[in-house]
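Values in this text are rule-based calculations from the coordinates and carry no lab data. Worth saying up front: this structure is predicted, and the values here are computed from it rather than measured. Cβ: placed from backbone, ideal geometry, glycine included. Neighbour counts: every protein chain shown.
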Amino acid sequence: MEEQDKILQEVTSQEYKFGFVSDFESDSIPKGLNEDVIRTISAKKNEPEFMLQFRLDAYRKWLKMPIPDWAYLKIPPIDFQDIIYYSAPKKKPQYESLDEVDPDLIETFNKLGIPLEEQKVLAGVAVDAVIDSVSVKTTFKETLAEKGVIFCSFSEAVKEHPDLVKKYLGMSVPTSDNFFAALNSAVFSDGSFCYIPKGVRCPMELSTYFRINAAGTGQFERTLIVAEDDSYVSYLEGCTAPMRDENQLHAAVVEIIAMDRAEVKYSTVQNWYPGNKEGKGGVYNFVTKRGICRGESSKISWTQVETGSAITWKYPSVIMMGDNSVGEFNSVAVTNNHQQADTGTKMIHIGKNTKSTIVSKGISAGLSDNSYRGLVKVLPGAVNSRNFSQCDSLLLGSTCGAHTFPYIEVGNKSSIVEHEATTSKIGEDQIFYCNQRGISTEDAIGMIVNGYAKEVLNKLPMEFAVEAQKLLAISLEGSVG
Amino acid sequence: MLTIKNLRVAIEGKEILKGINLEIKAGEVHAIMGPNGSGKSTLGNVLAGKEEYEILDGEIWYEGEDLLELSAEDRARKGLFLGFQYPVEIPGVPMVNFIKTSVNEHRKFKGLEPLTAGEFLKLMREKKELVHLDSQLTNRSVNEGFSGGEKKKNEIFQMAMLEPKLAILDETDSGLDIDALRIVSDGVNALKHPERSTIVITHYQRLLEYIVPDCVHVLYQGKIVKSAGKELALELEEKGYDWLKTHSL
Amino acid sequence: MTLTANKIALSEKYTELFHAHRSMLDAGSSSLLNRMRDIAIKRFEKTGIPGFKNENYKYTNLERVFDKDYRHILEYEQVDVDLNEAFRCDVPQLDTHVVLLVNGWYYAKNQPLQNLPKGVVVGSLKQVANEQPELVQEYLNRQAALSDDPIVALNTAFAQDGFFMHVPDHVVFEKPVQVINIMRSQDAIFATQRNLIVVGKNSQAKVIFCDHTMSSRDFLTNNVTEVFVGQDAVVDIYTVQNQNNQANSVNSSFFKQEANSNLLSSVATLHGGLIRNNLKVEMAGEHAEANLYGMSFTDKKQHVDNFTNIEHAQPNCLSNQVYKYVLDEDSVGAFAGRIHVVRDAQKTNAFQRNNNVLLTDSAKMNTKPQLIIDADDVKCSHGATIGQIDEEALFYLRARGIGEADARMMLMNAFAHEVVQNIRVEPLRDRIDELVEKRLRGELAYCHSCDRH
């Protein structure tokens, strides 16, 4: 028993592997937030008037909002006046080849094991790399353009496609939605925009790598994905962040709109810096992600693997407005050391015959707290709707916590909602069985945890699944032997 | 190959093994019989290195090494195999990955390169035939949804893959019908080798008709009360374990 | 803004009432009761009457029922209830010691109970607190004071009387005590009732609470019951809620279990207005076991909310919760169940299930099962379903020639029976089965002598 505890402790005390600071110049504005700062951000980005108004409107609402306190999290006070709300690489690069890219950036990607060169070749993945909130490089744009797919940085979209942005911005996540969404709406620096026209099946997985960089800079991304009738797109988001001593705030917003029979698959691997073993540093990740199935028979699925961040506050949601629309949420959340995660989803059934499924696998180790929080709401008009939720928690060691907070609200007689949750520890007999076949305890834990999370990992696109497995292993294995 | 001297073992403060002495030479097959609760499975688990047991006294020497000093995985890598009475299910972990990891861990320990995918598949095909293991089973998660018989066959299949020096088969016959019993025994016999030894733990004499032991030990209330040749098994079958009660006093 | 103002005004109404009648509350009450009032009213003031914004009252807005004008029963009033006629809330073959409480007060005409085992005391909390304070002192408010629920604090501030029972160590009290709570008044009234049940080491006891109304007016009852379950003790608490549809109540029960004790709580809600049942269990000793059951059958505009909180404070305990609802017409149900396994409460087994059937599109069910787990060697699970009766089973029965209505009834009875069958007092089990069946048939399931609902 004691031996096992020791190994568990060693196995779970793996240090963050991707910690480093890349060193390239930033163009920052002074710390703090007020209407002038917002005007400056908008001006620096040469935005049209409607964007400025959107930001100011959000800011004014934000001022009146309290910071949410209902999550099972201990959030240290955040001084919102001590944050730099805009920073961008000074050189506005327009590269054709990688040779022109800042060598530091290439180095950064190399350390992550995802060099851009390989990325370009990799299974037709277009990469829109966001470093310090400004899009640096977009590839495969031409291929996409042929199909009429728009995939560009948010700033570019504001310039090139203002009508689309104006039409859809804030549709899924209104500025008044919550404290962090309002903050993002006021100050967001950049992000991605993706538009799939009618009847188009996007020919490649779209992906973005996010990075937090310049010290003391908050990161406020905004992603907007619009899928017109009968279209399909699979979008990947992955992130990893450099090691830092001071906490960094990340408040992103992702909005998805799916029209008739459209399908959007959104996958995330999140590995922001979680802080060190003593719980010092680490990213505060307050994210609002929401999709609206506006059209009939449309489908939005969220798949996430969350291993990083000191604090995660994130509930990717689906509002099923269209009849027969479908929402999915698949999640693996790993917490270790002093990490805290309060994550889950909201499934709002409005249309008839709507279906949603929730699969959540929480894994807690060290001194961490890992909570699932989810809402399933079936409105009276959403007749014949179905939801099935499965929320499992796995505990590694006796000093962590695993919590489950589902909310289920049903308002008609023809719908069926089922929720199941279990909590268990990793099986000693499973570890012994592996040991007896010559497999070390550390490998056994990695193997069992990956097996436990498999149902969700299988939902990820192939190239991401591999990365996700590595991340799970890194989060929980590594330092032994 | 294996020498056990005065082994005393307790679990949760209760003494289960009360001074076991046993000597097994290379190439020998030993059967350990005894009624339920006599400590048979405890002996198997202690040899394999399960941690919840408390060793009160005694020594175990395996191939000239102090076995009690080794971790469970190192015992396995050094060729000690335990065929479990109740193989545990590990959801989500494909059998193929599991056995591949296991085989390559054994090879790494011996300083060998890992098997290539092709070599591995070939080996697996060969060994599966040996125990007539349904090919589908290796695509499933470890032991998940296997019937009792399939689990036991799977244990023998893994033994064949790993070619251990000392195999301990804990109640491998329980829950098997006569055909499965023959298949499992054939598998065990096929692996017989002058350098390899086997300990067969069983409640019934039935299995010993197929796997003929060199020596039979009767374990009763934590002690080996009688050791003799294979004929002892028949005697036990005839007289039942009750016979021991009077006999051992 | 006006909402907030209303809320403050509403809460002030109760604090003002308290201060205006302080001397009346204290008069004749033991100092054991009086000494806790000041802290309690302050505690109440802090939160006030909880509205929707209060996470614990998310699905039940108490402002609605607390906002009505009631006459507050702050002293014993003579209400005539004919004991002989009154109960008859009789359960055939159920042999019980019957005590009556009217509008929250121990009925003065209760006959002294005969043949109680040695040392057993059953009576009025007010009276026992005055006459035998040593039986009350160590238990009163020991659990309730730890609650942050403002309604419990309000009860503590106003508490004067209620049911009291003391069973000393090593006594098997075989015959159940049946406590009949009656609300009867020609005007709308607010009653506060405070109960205390102490069961000593290695003892056994059973209490059946029957909540009734004998007039069809607006009522509000704020009821708090503290139960202490001693080491190795076995305690059954059954509650049958069967009041008129304007009778609202908040019932908060606290159970503290010592090592190796066994608790069974079963609540059947048949008729009533807005009913909120809070149930808190603290597993304070190892190897304790708690089985908690609830069933609720609602129609019209009924609103039933069961809110449970099981705290596994010690290792090796078992808790098991099953709550079932059948909701008809415009009724609303809520269930919130929390299992909290504290750090180092290893080898905990904690299970919870909530199954619900909606019979109409205007009925609503909200459920919020929660697990808070801070120990790893545990087996915990919860499951919740909201749906209809199994159509396949229905078809199977019809294919065997059973008419649809009967088949439905059969399946719903079976659905409820899973909860009913756990009642350990056989005649009561049969009686509740019968009441449930009547209820499901749409007949009024009141007992003979109750007034029309």
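Here are a few things to note about the model shown:
- FRET efficiency for A:Ser398 and C:Ser216, using Cβ-Cβ distance with R0 set to 60 Å, rounded to 0.05: 0.60
- Between the amide H of C:Gln160 and those of C:Arg194, distances stay under 5 Å, these residues lying 5 or more places away or on another chain, with hydrogens modeled in the peptide plane.
- Note on C:Glu55 and A:Lys74: their simple-model spin labels are 1.5 nm apart, each label 7 Å out from Cα toward Cβ.
- Among beta bridges that DSSP assigns inside segment C:2-389, antiparallel share in %, nearest 5: 5
- Contour excess over end-to-end distance, with Cα ends at B:Arg8 and B:Asn139 and 0.36 nm allotted per residue: 43.0 nm
- Modelled FRET efficiency - R0 25 Å, C:Gln186 with C:Ala108, Cβ distances, 0.05 increments: 0.80
- With the biggest extent put first, the Cα atoms of chain B measure 58, 40, 35 Å across the principal axes.
- Cβ neighbours within 10 Å from other chains - mean over C:350-360: 2
- Sorting B:Met95, C:Met410 by the number of Cβ atoms found within 10 Å of their own Cβ, with the fewest placed first, yields C:Met410, B:Met95.
- Dipole of segment C:2-389 computed with +1 at Lys/Arg Cβ and -1 at Asp/Glu Cβ about the Cα centre; of C:Asn115, C:Tyr14, C:Ser30, farthest Cα towards the positive end is C:Tyr14.
- Relative to the globular-protein estimate of 2.2 N^0.38 Å, the Cα radius of gyration of segment B:151-249 stands at 1.13.
- Bridges between two residues of the protein assembly as shown, per DSSP, are antiparallel at a rate of about 15%.
- Three principal axis extents describe the C-alpha atoms of segment B:79-164; from largest down they are 36, 26, 26 Å.
- From phi via Karplus (6.51, -1.76, 1.60), per-residue ³J(HN,Hα) for segment A:296-311 in Hz, x at Gly/Pro: 6, 6, 7, 9, 10, 10, 10, 10, 9, 10, 10, 10, x, 6, 6, 10
- Residues B:Arg75, C:Arg64, ranked from the fewest to the most other C-beta atoms within 10 Å, line up as C:Arg64, B:Arg75.
- If the segment from C:Asp69 to C:Glu434 were pulled out straight at 0.36 nm per residue, it would be longer than the present Cα-Cα gap by 127.8 nm.
- Selection from C:Gln243, C:Ala191, C:Asn202 lying farthest towards where the dipole of segment C:138-259 points positive, charges on Cβ: C:Gln243
- Backbone HN-Hα couplings from phi across segment A:371-385 [Karplus 6.51/-1.76/1.60, Hz, Gly and Pro as x]: 10, 9, 9, x, 10, 10, 10, 10, 6, x, x, 7, 5, 6, 8
- Dipole of the protein assembly as shown, positive end: most advanced residue of A:Ile256, C:Leu62, C:Ala284 [Cβ charges, Cα centre]: C:Leu62
- Peptide A:387-396 is shielded by partner chain Cβ atoms: per residue, an average of 2 of them sit within 10 Å of its Cβ.
- Cα gyration tensor of segment C:2-389 - equivalent ellipsoid semi-axes, whole Å, descending: 28, 27, 22
- Unit charges on C-beta of K, R, D, E only; dipole of segment C:331-451, Debye: 220
- Here each label is just a point 7 Å from Cα along the line to Cβ, and for B:Ser174 and C:Val342 those points are 4.0 nm apart.
- Computed from point charges on the beta carbon alone (+1 for Lys and Arg, -1 for Asp and Glu), the dipole magnitude for segment C:217-376 about its Cα centre is near 340 Debye.
- The shape of segment C:126-172 can be summarised by an equivalent ellipsoid whose semi-axes, obtained from the alpha carbon gyration tensor, come to 23, 14, 9 Å from longest to shortest.
- Counting neighbouring Cβ atoms within 10 Å and putting the fewest first, the residues C:Ser216, C:Ser203 line up as C:Ser216, C:Ser203.
- Among B:42-54, A:305-317, the order from most to least packed when residues are scored by Cβ within 10 Å on average: A:305-317, B:42-54
- Radius, Kirkwood style, for segment C:347-451 when every pair of distinct Cα atoms is counted (Å): 16.7
- Highest mean first, the peptides C:399-407, C:430-438 sorted by other C-beta atoms within 10 Å per residue fall in the order C:430-438, C:399-407.
- FRET efficiency, 1/(1 + (r/R0)^6) with R0 22 Å, evaluated for C:Lys118 and C:Glu138 via beta carbons: 0.60
- Applying Stokes-Einstein at 37 °C and 0.692 mPa s to the Kirkwood radius of segment B:1-137, computed over alpha-carbon pairs, gives a translational diffusion coefficient of 190 µm² s⁻¹.
- Rg to Rh quotient for segment A:324-368, alpha carbon positions, Kirkwood Rh: 1.18
- Label-point gap, in nm, between A:Asn34 and C:Asp361 - each point 7 angstrom along Cα→Cβ: 5.5
- Radius of gyration and maximum dimension Dmax of segment A:221-367, Cα, Å: 16.2, 50
- An ellipsoid equivalent to the protein assembly as shown, defined through the eigenvalues of its Cα gyration tensor, has semi-axes of 54, 49, 27 Å when rounded to whole angstrom and sorted largest first.
- Charge dipole of the protein assembly as shown (Cα centre as origin; +1 on each Lys and Arg Cβ, -1 on each Asp and Glu Cβ, all else neutral): 1720 debye, rounded to the nearest 20.
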